[in-house]
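A.B. asks: Just passing along the structure, written as structure tokens.
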Amino acid sequence: MGLLDGKVAVVTGSGGGIGKYHALALAKEGAKVVINDVGGDRSGAGGGKAMADLVVDEIKALGGEAAANHDSVATIEGGEAIVKTALDAFGRIDILVNNAGILRDKSLLKMDEAMWDGVIAVHLKGTFACTRPAAQWMKENGEGGRIINTSSTSGLLGNFGQSNYGAAKAGIAGFTRVCAIELAKYGITCNALVPVAKTRMTEDLPAFAGLEEGMLDPAHIAPVMIFLASDLGKDITGKFFLIRGPQISMMEVQTTEGVAREDMWTPQEIADDIDKIMAW
Ligand code: NAI
């Protein structure tokens, strides 16, 4: 008995990296899985079917059920085609893991329009493009569902050279919160993973260089996704789970208690009280 017997899951960008671990973990828990991947390089250049097809073969060799999809998440048509692959192959969709991503890092003053548009399209628009048709089907099906997005500390905390990626990932966090609110009445939860893992996306980061082997193994991310995708996580929605190796934490936006006045503030009064306004 798996935690996800009878369920159907779609994982975008699951031809490698964290997404591949997600796909294998879902299959191990009994879910039928759509492996979506365009098969390009880290920047989104190039493409091919092999990455997705090999993961499908791997799951089938382990006795699981999987189907491949090679559409890009970055268009509305692509998102619809990805969800349709699940419906055509397995007749339903219960779990959507929005994981596909690319990197085009440059500091702000050197960032060009193509770097900006490409990253926003894959991460932010891609999350919308897949979530809308999936949530539509889940609503009509009437049995609830799970949307699991992928944000980043680059968006929630900031990181040098990633204004495009950080904006997209912060956008995904906002999207997650709104979806959690809007979809609650259909029994659909929506949460976000905030992974820190050594993959092709991060392997050349100086911060990762001195790490103990296996410390940031991408395998650590999937158990949190499975928890959220299964009945174990059915009451949790709108949350951000930070996963760094074997450590799991929560992230959230907070408001200070603040200071109220009877009348309007002047800029000088704000300056005078700034320590109290900013105090946690
Ligand atoms: P990765 O590069 O190994 O995986 C990303 C996958 O998405 C690749 O297989 C790629 O081919 C696929 N992909 C790219 N564009 C696509 C598109 N338009 N349509 C469909 N598939 C597409 O990198 P990794 O690290 O596994 O990243 C997975 C997710 O985790 C990404 O959203 C990334 O931004 C996020 N993330 C990763 C962190 C880390 O420490 N590795 C940190 C924070 C977030």
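A.B. asks: Go over the candidates ILE236, ILE243 one by one and state the one that is modelled with pLDDT of 95 or more, within 12 Å of the ligand (Cβ to nearest atom), among the hydrophobic types (A, V, I, L, M, F, W, C) and not in a helix (DSSP H, G or I). Before you say what the answer is, go through the steps one by one.
C.D. replies: Values: ILE236 fails: within 12 Å of the ligand (Cβ to nearest atom).
The unique qualifying residue is ILE243.
A.B. asks: Do we have LEU216 as outside any loop (DSSP other than H, G, I, E, B) and either within 18 Å of ASN149 (Cα to Cα) or in contact (Cβ under 8 Å) with a residue 24 or more places away in the chain (or both) here? Walk me through it before giving the result.
C.D. replies: On the way: outside any loop (DSSP other than H, G, I, E, B): no; either within 18 Å of ASN149 (Cα to Cα) or in contact (Cβ under 8 Å) with a residue 24 or more places away in the chain (or both): yes.
So LEU216 does not fit the description; no.
A.B. asks: Please work out which residue is modelled with the lowest pLDDT, limiting yourself to the stretch 162-206 and to residues that are under 22 Å from ILE95 (Cβ atoms) and of a type in the set (Val, Ile, Thr).
C.D. replies: Looking at the filtered set, the residue picked out is THR199.
A.B. asks: May I ask you to list the residues in the stretch 223-252 that are over 26 Å from ARG104 (Cβ atoms) and in contact with a His (Cβ under 8 Å, 6 or more places away or on another chain)?
C.D. replies: GLY245, PRO246
A.B. asks: Select, from ILE18, ILE35, the only residue that is crowded, with 17+ Cβ neighbours inside 10 Å, part of a strand (DSSP E or B) and touching a residue at least 12 places away in the same chain (Cβ under 8 Å).
C.D. replies: Criteria check complete, one pass: ILE35.
A.B. asks: Report, by residue number, each residue of the stretch 66-86 that is in a strand (DSSP E or B) and within 13 Å of the ligand (Cβ to nearest atom). Even if it seems obvious, please write down each step before you answer.
C.D. replies: To start, the set of residues in the stretch 66-86 that are in a strand (DSSP E or B) comprises 66-69.
Residues satisfying the conditions are ALA68, ASN69.
A.B. asks: What residue, among those in the stretch 40-65 that are of a type in the set (Asp, Glu) and more than 22 Å from the chain's Cα centre (by Cα), is nearest to the ligand (Cβ to nearest atom)? Give the derivation first.
C.D. replies: At the first step, the residues of the stretch 40-65 found to be of a type in the set (Asp, Glu) are 41, 53, 57-58, 65.
From what's left, more than 22 Å from the chain's Cα centre (by Cα): 57-58, 65.
On the way: ASP57: 16, GLU58: 14, GLU65: 21 Å.
Only one residue tops the list, namely GLU58.
A.B. asks: Only one residue in ILE221, ILE270 is of a type in the set (Val, Ile, Thr) and surrounded by 14 or more Cβ atoms within 10 Å (Cβ to Cβ), so which one is that?
C.D. replies: Details: ILE270 fails: surrounded by 14 or more Cβ atoms within 10 Å (Cβ to Cβ).
One residue alone meets the criteria, ILE221.
A.B. asks: What residue, of ALA68, ALA52, ALA61, is aliphatic (A, V, I, L, M) and surrounded by fewer than 16 Cβ atoms within 10 Å (Cβ to Cβ)?
C.D. replies: Numbers: ALA68 fails: surrounded by fewer than 16 Cβ atoms within 10 Å (Cβ to Cβ); ALA52 fails: surrounded by fewer than 16 Cβ atoms within 10 Å (Cβ to Cβ).
Result: ALA61 is the single residue among ALA68, ALA52, ALA61 that is aliphatic (A, V, I, L, M) and surrounded by fewer than 16 Cβ atoms within 10 Å (Cβ to Cβ).
A.B. asks: Moving to a separate point now. Is it fair to say LEU211 is out of contact with any Leu (no Cβ under 6 Å at 6 or more places or on another chain) and in a helix (DSSP H, G or I)?
C.D. replies: Values: out of contact with any Leu (no Cβ under 6 Å at 6 or more places or on another chain): yes; in a helix (DSSP H, G or I): no.
Against the criterion (out of contact with any Leu (no Cβ under 6 Å at 6 or more places or on another chain) and in a helix (DSSP H, G or I)), LEU211 does not qualify.
A.B. asks: Does the stretch 127-134 contain any residue that is more than 12 Å from the ligand (Cβ to nearest atom), of a type outside the set (S, T, N, Q) and in contact (Cβ under 8 Å) with a residue 60 or more places away in the chain? If you could, list the steps in order and put the result at the bottom.
C.D. replies: So in the stretch 127-134, the residues more than 12 Å from the ligand (Cβ to nearest atom) come out as 128, 131-134.
Checking the rest, the ones that are also of a type outside the set (S, T, N, Q) come to 128, 132-134.
Adding the requirement that they be in contact (Cβ under 8 Å) with a residue 60 or more places away in the chain leaves 134.
Yes, some residue in the stretch 127-134 is more than 12 Å from the ligand (Cβ to nearest atom), of a type outside the set (S, T, N, Q) and in contact (Cβ under 8 Å) with a residue 60 or more places away in the chain.
A.B. asks: Which count do you get for residues in the stretch 105-163 that are touching a helix residue (DSSP H, G or I) at 6+ places or on another chain (Cβ under 8 Å), in a helix (DSSP H, G or I) and closer than 16 Å to THR189 by Cα?
C.D. replies: 11
A.B. asks: Has the stretch 194-215 got at least one residue that is of a type outside the set (A, V, I, L, M, F, W, C), within 11 Å of the ligand (Cβ to nearest atom) and in contact with a Lys or Arg (Cβ under 7 Å, 6 or more places away or on another chain)?
C.D. replies: Taking the stretch 194-215 and keeping what is of a type outside the set (A, V, I, L, M, F, W, C), we get 195, 198-200, 202-204, 206, 210, 212-214.
Narrowing the set further to residues that are within 11 Å of the ligand (Cβ to nearest atom) leaves 195, 198-200, 202-203.
Add one more test, that the residue is in contact with a Lys or Arg (Cβ under 7 Å, 6 or more places away or on another chain), and what stays is 200.
Looking for residues that are of a type outside the set (A, V, I, L, M, F, W, C), within 11 Å of the ligand (Cβ to nearest atom) and in contact with a Lys or Arg (Cβ under 7 Å, 6 or more places away or on another chain), one finds at least one in the stretch 194-215, hence yes.
A.B. asks: For the stretch 160-190, what are the residues that are small (Gly, Ala, Ser) and either closer than 18 Å to PHE241 by Cβ or in contact (Cβ under 8 Å) with a residue 40 or more places away in the chain (or both)? Don't jump to the end; show me each part of the working.
C.D. replies: At the first step, the residues of the stretch 160-190 found to be small (Gly, Ala, Ser) are 161, 163, 166-168, 170-171, 173-174, 180, 184, 187.
Within the stretch 160-190, GLY161, SER163, ALA167, ALA168, ALA170, GLY171, ALA173, GLY174, ALA180, ALA184, GLY187 qualify.
The values are calculated or read from the model by the stated rules, or taken from the named source; none is laboratory data. These figures come from a predicted structure and were not determined experimentally. All Cβ positions, even for glycine, are placed from backbone atoms using ideal geometry, and neighbour counts span all protein chains on display.
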